[in-house]
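Undergrad: Starting off with a structure, shown below.
The values are calculated or read from the model by the stated rules, or taken from the named source; none is laboratory data. Note that the coordinates shown come from a computational prediction; the quantities given were computed from them, not determined experimentally. Note that we place each Cβ from the backbone using ideal geometry, even for glycine, and neighbour counts take in every protein chain shown.
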C-alpha cells in the first residue's frame, strides 16, 4: 500500500512539474507572439507615417526607437547633426533647431519633441544618421524627381540656417568646415 501511495504522490508531482513546464513554455510563446505583434504594429505605424514600405528600412528605424509618433523627429536628424558638428550645440543652434521643429509641426510635449530634446541634450549615436540616410534613400526613391529636389533643397536650407545660427568668428565664415561637411554628406544622401 505504501508503494501505491508513493506512486500516486510521484505521479501527482510529475503531473504538476509537467503542467509547470508547459505553463512556462506557453508564457514564453505568448510573450514572443506579443513582441512580434508589437514590432509589426510599429512597422505599420512607421510605414503609414513615413510613406516607406521597405521592411528593412522600417526595422532600422524601429531599432532606433522611432515610432509613428516620433518619426517626425527623424526629419530633424540632419539639423541635430549640423548643430553637433562642432562638438557642442550652441544656444543659437539649439533655438534654430527648435524653430525648425515647430515649422515641421513637432509640437512641444509631443513624443517627437521629447526625442528631439534628448538628441539636443546628448549627441545621438552615429547610427542614427545612418538610419536617416536609409530613410531618405527610401523616401527619395518613392518621390518624383521634382519632389525629391524640393525636399533636398528644403533640408539644405534648414540645415544651413542652423549652421549659420552660431554666427562664426566675428560674423565671418558663418558655417564651420565641420558643419559644411555634414551638410554636404546630407546632400549626397539624396543620390
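Undergrad: Which residue is surrounded by the fewest Cβ atoms within 10 Å (Cβ to Cβ), if the candidates are limited to region 95-106 and must be under 12 Å from residue 158 (Cβ atoms) and in contact with a helix residue (DSSP H, G or I) (Cβ under 7 Å, 6 or more places away or on another chain)?
TA: Going through the qualifying residues, I end up with 104.
Undergrad: Let me ask you something else. crowded, with 19+ Cβ neighbours inside 10 Å, touching a helix residue (DSSP H, G or I) at 6+ places or on another chain (Cβ under 7 Å) and at pLDDT 90 or above - does that describe any residue in region 153-161?
TA: Going residue by residue through region 153-161, those that are crowded, with 19+ Cβ neighbours inside 10 Å are 155, 158-159.
Right, trim to touching a helix residue (DSSP H, G or I) at 6+ places or on another chain (Cβ under 7 Å) and you get 155, 158-159.
Okay, now just the ones that are also at pLDDT 90 or above, so 159.
Yes, because at least one residue in region 153-161 is crowded, with 19+ Cβ neighbours inside 10 Å, touching a helix residue (DSSP H, G or I) at 6+ places or on another chain (Cβ under 7 Å) and at pLDDT 90 or above.
Undergrad: Being closer than 13 Å to residue 79 by Cα, assigned to a helix (DSSP H, G or I) and touching a helix residue (DSSP H, G or I) at 6+ places or on another chain (Cβ under 8 Å), is that true of even one residue in region 169-180?
TA: Looking for residues that are closer than 13 Å to residue 79 by Cα, assigned to a helix (DSSP H, G or I) and touching a helix residue (DSSP H, G or I) at 6+ places or on another chain (Cβ under 8 Å), one finds at least one in region 169-180, hence yes.
Undergrad: In this structure, is residue 114 under 16 Å from residue 81 (Cα atoms), in contact with a helix residue (DSSP H, G or I) (Cβ under 9 Å, 6 or more places away or on another chain) and at pLDDT 90 or above? Even if it seems obvious, please write down each step before you answer.
TA: Details: under 16 Å from residue 81 (Cα atoms): no; in contact with a helix residue (DSSP H, G or I) (Cβ under 9 Å, 6 or more places away or on another chain): yes; at pLDDT 90 or above: yes.
The answer is no for residue 114.
Undergrad: Residue 109 passes all but one of (1) under 16 Å from residue 70 (Cβ atoms); (2) in contact with a helix residue (DSSP H, G or I) (Cβ under 9 Å, 6 or more places away or on another chain); (3) outside any helix (DSSP H, G or I); which number fails?
TA: (2)
Undergrad: Looking at region 117-149, which of its residues are in contact with a helix residue (DSSP H, G or I) (Cβ under 7 Å, 6 or more places away or on another chain), within 20 Å of residue 84 (Cβ to Cβ) and touching a residue at least 40 places away in the same chain (Cβ under 8 Å)?
TA: Hits for region 117-149 are 119, 120, 124, 128, 129, 131, 132, 134, 135.
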